[in-house]
Amino acid sequence: MHRIILDTDPGLDDALALFLALASPEVQLVAITTVSGNVHIDLTTRNALTLLELTGRTDIPLARGCDRPIIRQPVIADYVHGHNGLGGIELPEPQLQPVSQHAVDLIIEKVMAAPREIILVPIGPLTNIAMALRKEPRIAEYVREVVIMGGALRVPGNVTPEAEFNIYADPHAAHMVFHAGWPIRLVTLDVTNKTLLQREQVQALASNSSPVTRLIQQMVVNFLDRFGQSRGITAFQMHDPLCLAAAFQPEIITWEPAYVDVELAGSLTLGETVAYFAKRTEDIDPSLEYLHPPNMLTSIGVDVERFISLYIDRIKSTFQ
Ligand code: RIB
Ligand code: CA
């Protein structure tokens with residue numbers, strides 16, 4: 001069983017990641033924590049509550065988190081995800097309320113109560129995760145691993161030429177998380193850009209009897225018509241769902257150890273993730289030292305067909 005805490009900023013692809021988590025028998029969703037990112041925390045929290053209520057899984061504790069980055073001025077991505085974070089699709093006000101605990105405290109409580117069991121899966125800016133590290137540094141030894149959606153290593157960024165949104169939105173938090181010494185898998189744009197859900201696939205998935213599959217269709221079609229059309233984007237990039245899948249089926253991705261750091265000082269390159277890939281002894285002068293020992297596993301390849309099939313099969317079998 002993969003016991004996961006999902007830290008999220010719904011967000012269209014966040015919503016699809018949450019549905020995959022709830023549709024996967026290997027996953028026990030221990031808690032959901034929200035963070036400011038794609039849109040402000042008030043909206044990411046409302047959206048997460050609405051999505052959870054839609055699936056009926058109101059048994060899962062949901063805690064509201066940090067409302068701004070640790071140092072930089074806040075940036076949002078409502079131009080991508082719509083003014084309300086879910087493509088402008090109006091959903092009923094949730095009856096479900098978040099727990100009274102702050103997300104940082106809920107993360108600490110759950111991780112410390114289950115040594116080496118909890119997988120943290122942050123799919124938004126890393127603010128909550130960094131603040132949890134500062135409040136209880138021991139979580140770095142107590143987590144099973146941290147599987148992060150963020151960064152761009154050998155491909156351009158998606159919010160600036162160099163930076164991916166989750167890292168750019170709170171680069172100082174990312175720096176703290178990358179250097180905490182805990183086991184990290186980094187799922188970057190290098191692979192998530194390739195995992196595309198097609199319009200036809202969500203139209204085939206949607207069924208009148210299922211509000212979840214109908215919402216998936218609405219969100220993806222809305223994104224493609226509202227945002228994609230003017231940019232030549234004809235399919236939906238599954239950034240967050242792939243990251244979630246990597247937490248319970250890491251073999252979907254090809255991993256490479258690397259030392260990855262975050263640019264904090266560059267005016268043009270703030271939030272850039274820079275990777276020093278672990279060198280193989282046979283192709284370098286053995287007298288050379290590693291510039292830095294690897295601090296994480298990075299995603300350098302993905303079995304796209306296997307992942308998309310997994311996604312569609314899981315959603316069909318659970319929500320149709
Ligand atoms: O760059 C993609 C990431 O930024 C995804 O997590 C998406 O939801 C946005 O937060
Ligand atoms: Ca996200």
Can you compute the helix-only [θ] at 222 nm over the chain? Use -39500 (n - 2.57) per DSSP H run of at least 4 residues, normalise by all residues, nearest 500 deg cm²/dmol. -10500 deg cm²/dmol
Hull volume per residue for region 142-207, using the convex hull of the C-alpha atoms, in Å³ is 135 Å³
With Cα atoms, 0 to 90° folded angle of helix 239-248 axis to the chain main axis: 70 degrees
When TYR276, TYR79 are ranked with the fewest other C-beta atoms within 10 Å first, the list becomes TYR79, TYR276
Vicinal HN-Hα couplings computed from phi for region 60-68 (Karplus, 6.51 cos²θ - 1.76 cosθ + 1.60; Hz; Gly/Pro x): 8, x, 10, 10, 7, x, 5, 9, 7
What's the magnitude of the charge dipole for the chain around its Cα centre, counting Lys and Arg as +1 and Asp and Glu as -1 at the beta-carbon? Answer in Debye, nearest 20. 480 debye
Report the residue, chosen from PRO92, PRO250, PRO171, that carries the largest GNM mean-square fluctuation when the chain is represented by alpha-carbon nodes joined by springs under 10 Å. PRO92
³J(HN,Hα), Karplus 6.51/-1.76/1.60, whole Hz, each residue of region 173-180, x for Gly, Pro: 5, 4, 4, 5, 5, 5, 10, 7
Integer Hz, Karplus 6.51/-1.76/1.60 couplings in order for region 207-213, x for Gly and Pro: 9, 4, 7, 10, x, 5, 5
Starting from the Kirkwood radius over alpha-carbon pairs of the chain, derive D by Stokes-Einstein at 10 °C in a medium of 1.306 mPa s and give it in µm² s⁻¹. 81 µm²/s
Within region 154-220, list the trypsin sites (Lys or Arg not before Pro) lying in a DSSP loop whose Cβ has at most 16 other Cβ atoms in a 10 Å radius. ARG154, LYS194
Taking Cα atoms, the helix 304-319 axis meets the longest principal axis of the chain at an angle in degrees (rounded to 10) of 40 degrees
In what sequence do SER100, SER36, SER210 fall when counting other Cβ within 10 Å, fewest first? SER100, SER210, SER36
What ranking do 311-320, 236-245 get when scored by the average of other Cβ atoms within 10 Å per residue, highest first? 236-245, 311-320
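Bear in mind these aren't lab numbers, they're just calculated from the coordinates by the rules spelled out. Small disclaimer: the values here were computed from a predicted structure and weren't measured. Because the Cβ atoms are built from the backbone with ideal geometry, glycine has one as well, and the counts that use them run over all protein chains shown.
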